[in-house]
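Student: Take a look at the following structure, please.
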Amino acid sequence: MFLSVFDMFKVGIGPSSSHTMGPMVAAARFLDQMRASPFEFTGLRGSLHGSLAFTGVGHATDRATILGLAGFVPDTYDHDMAEAALAEIHETHSVSPEGLPTLEFNPKTDLVFDYEHHLSGHANGMILMATDAQGDVILRQVFYSIGGGFVLTEEELAEGKATDEGAPVPFPFKSAVEMLDMAKTSGKSIAEMKRANEISRGCADSFAKGTARLWQVMNDCIERGLTTDGILPGGLHVRRRAKGIHDALQAERGMNLNAPHTINDWMSVYAMAVNEENAAGGQVVTAPTNGAAGVLPAVLRYYLDHVPGASESRIEDFLLTAAAIGGLVKFNASISGAEAGCQAEVGSASAMAAAGLCAVMGGTPEQVENAAEIALEHHLGMTCDPVAGLVQVPCIERNGLGAIKAVSAASLALRGDGHHFVPLDAVIETMRQTGHDMHEKYKETSLGGLAVNVPNC
């Protein structure tokens, strides 16, 4: 099993990897299908289903789909250009993607939130259609946004592309047991095995530049969040808190009066900074999703700024180790809140961050696996119930607590010798089963939990 670091960590936009980035990617793929088609198209239509319908407005799914059909993609997204494009689309009722003629598309009537019909492949389903001059559909494609910005067509999902292993790699571990066995046999760390797999699929130089860019985008996101205040969009009037907390923490430095637990505030504020940026539609990195994007950067920033002896040279090892754990979770369970609740998002992110921190602090492969297991085990059963469908409450604070759990898990693992009672594979399987059994209203539909017990205004 191989899932690249650049699949697990994608540069994109908020507020959701599955509900914002995924639909935009799907729209871009549909445009490519149209460009390759011999038909002459004059219009576009679409429908959103399942979780994409129920929480689509709060997650800006409609906005992302519209912009995707206009030719925007997450990796090169420009906010100002997008705003101008949206205004023009709503005025002209048309889009003009590169390589295609101007196409009729009225967002108010041609993009439907279908709350009645669920598509069978995944909770996040959408249908995109292209029409001829008579308004008849001549090209139709079902897409599924399966979490973390990953998108599959209906056919790809049926063919098993979600678990496609691709070309052989030097260390093809599909489980934590296999990962530890390969580490023991080869004498390599998890990061070293993961690096060998990555390089076997590409260039070492481009890999190093790519991972450096990932951390740069993550850290820039933290910095923007720490220096920006105001009210988050969406109608809940949630106030940004990261800047105020950070300002207070900086003012307290050097006073020798802080309680030891104040370090938790530093971890939380880094995570909250990222997720406030995500909620505002800013640029983030999926880690492994947008809703959980703050956990891993917060733990990595904690390591660099607060751990004695920390070195930026270990950033790549952190990301490689985290991606290895994230790949196991995605391959054997899920990283999608709409499929398995928030245990699949913040839980997975916490496990990944715990593993990365444990590795760069000298942990053995066995200790790294233990750290991931502790973090994920103590997120089991966590629901996804965003108030008003917005990635704000409880998501922003939840990332802070996920970061704290990750650091605690890594610390506990480092205190041991790697031997422990519950294997990581068992926790991943338990998470999969729990997600399967979890009621739909607790899986990113905003039909249960906090979403119905907290006033939306």
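The values are calculated or read from the model by the stated rules, or taken from the named source; none is laboratory data. Computed from a prediction, not measured in an experiment: that's the story for all the values here. For neighbour counting, all protein chains shown are included, and Cβ atoms are generated from backbone atoms with ideal geometry for every residue, glycine included. Side chains are part of the model used for accessible areas, which takes the heavy atoms of the whole protein and leaves out ligands, DNA and RNA. Shrake-Rupley method; radii C 1.70, N 1.55, O 1.52, S 1.80 Å.
Student: Which one is nearest to Ser18 (Cα to Cα) among residues in the range 50-73 that are open to solvent by 10 Å² or more (accessible area, probe 1.4 Å) and in contact (Cβ under 8 Å) with a residue 60 or more places away in the chain?
Tutor: Ala60
Student: Scan the helices (runs of 4 or more DSSP H) fully inside the range 241-321 and keep the ones with 3 or more residues being touching a helix residue (DSSP H, G or I) at 6+ places or on another chain (Cβ under 8 Å) and under 24 Å from Tyr77 (Cα atoms).
Tutor: On the way: elements: 242-252, 262-279, 295-306.
It comes to 262-279, 295-306.
Student: Ala123 passes all but one of (1) more than 25 Å from Ala344 (Cα to Cα); (2) modelled with pLDDT under 95; which number fails?
Tutor: (1)
Student: Scan the range 416-448 for residues that are assigned to a helix (DSSP H, G or I) and open to solvent by less than 30 Å² (accessible area, probe 1.4 Å) and report the count. Reasoning before the result, please.
Tutor: Of the residues in the range 416-448, the ones assigned to a helix (DSSP H, G or I) are 424-437, 440-442.
Those left that are additionally open to solvent by less than 30 Å² (accessible area, probe 1.4 Å): 424, 427-428, 431, 435.
Residues in the range 416-448 being assigned to a helix (DSSP H, G or I) and open to solvent by less than 30 Å² (accessible area, probe 1.4 Å): 5 in total.
Student: If I filter the range 204-237 down to residues being out of contact with any Lys or Arg (no Cβ under 9 Å at 6 or more places or on another chain), part of a loop (DSSP other than H, G, I, E, B) and not small (Gly, Ala, Ser), which single residue comes out as surrounded by the most Cβ atoms within 10 Å (Cβ to Cβ)?
Tutor: Checking each candidate, the answer is Leu236.
Student: Ok, one more. Is it the case that Glu155 is open to solvent by 30 Å² or more (accessible area, probe 1.4 Å), closer than 26 Å to Pro288 by Cβ and either free of Cβ contacts under 8 Å to residues at least 24 places away in the same chain or among the hydrophobic types (A, V, I, L, M, F, W, C) (or both)?
Tutor: yes
Student: Something else about it: Looking at the range 400-421, I want the residues that are under 11 Å from Ile374 (Cβ atoms) and in contact (Cβ under 8 Å) with a residue 24 or more places away in the chain and have a partner that is surrounded by 24 or more Cβ atoms within 10 Å (Cβ to Cβ) and among the charged types (D, E, K, R) with Cβ atoms under 7 Å, at least 6 apart or on another chain. Which pairs are those?
Tutor: Note: pairs meeting the criteria are His420/Glu373.
Student: Another one. Need a quick list: helices (runs of 4 or more DSSP H) entirely within the range 1-83 having at least 1 residues that are more than 22 Å from Gln216 (Cβ to Cβ).
Tutor: Per the criteria, 22-35, 51-54, 61-69.
Student: For Val169, indicate whether it is assigned to a loop (DSSP other than H, G, I, E, B) and open to solvent by less than 30 Å² (accessible area, probe 1.4 Å).
Tutor: yes
Student: Here's something else I'd like to know. Just give me the residues in the range 19-42 being crowded, with 22+ Cβ neighbours inside 10 Å and either out of contact with any Leu (no Cβ under 8 Å at 6 or more places or on another chain) or closer than 17 Å to Leu86 by Cα (or both), in sequence order.
Tutor: The answer is Thr20, Met21, Gly22, Pro23, Met24, Val25, Ala27.
Student: Would it be correct to say that Glu377 is over 15 Å from Gly294 (Cα atoms), open to solvent by 10 Å² or more (accessible area, probe 1.4 Å) and modelled with pLDDT of 95 or more? Steps first, please.
Tutor: On the way: over 15 Å from Gly294 (Cα atoms): yes; open to solvent by 10 Å² or more (accessible area, probe 1.4 Å): yes; modelled with pLDDT of 95 or more: yes.
Spelling it out, Glu377 is indeed over 15 Å from Gly294 (Cα atoms), open to solvent by 10 Å² or more (accessible area, probe 1.4 Å) and modelled with pLDDT of 95 or more.
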